[in-house]
Amino acid sequence: MTDGIGGGDLLDRLKRVARNGQSIDIAQIQFVGLDEIRAAYGDRWPTERERIQNVAHTFLGKRLRREDVLIPCENGFVIVFGVVDSLDTALTAHSVGRSLQTFFTGEKATR
């Protein structure tokens, strides 16, 4: 299994994030959901879901650092940040999540 940032095996990338066998700090893990986008698309969601998830994966991947790991999930994406900084990771996840929502639903929908 490969991820969209830097390529490579997902397990190997997670091991590198954990640095020398250390544990991954909970602050490194953030979730970016697609719930607002799904709600905005309403009845169109079932037919647009796969396309949105693929575009969202690319969109997010371009906004994260090479050392970060992006993992697609059923309702969004888990980001495992390569650098531990709880405030920075939370703000980055929030920022890319809002940017993603704006991209798919427009500026008005995110207010």
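The values are calculated or read from the model by the stated rules, or taken from the named source; none is laboratory data. What you are looking at is a predicted structure, and each value in this text was computed from that prediction instead of being measured. Here the Cβ is made from the backbone with ideal geometry for all residues, glycine too, and neighbour counts use every protein chain on show.
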Practice item. Give me the pairs, please: first residue somewhere in region 66-93 and closer than 18 Å to Arg38 by Cα and without any contact (Cβ under 8 Å) to a residue 60 or more places away in the chain, second residue anywhere and of a type in the set (Phe, Trp, Tyr) and not in a helix (DSSP H, G or I), beta-carbon distance under 8 Å, and either six or more positions apart or on two chains. Key: Cys73/Phe31; Gly76/Phe31; Phe77/Phe31; Val78/Phe31
Study note, to complete from the structure: Selection from region 6-27 of residues modelled with pLDDT of 75 or more, in a helix (DSSP H, G or I) and charged (D, E, K, R) yields Asp12
**Study point:** Filter result for Gly42 (modelled with pLDDT of 90 or more and touching a Leu at 6+ places or on another chain (Cβ under 6 Å))
**Key:** no
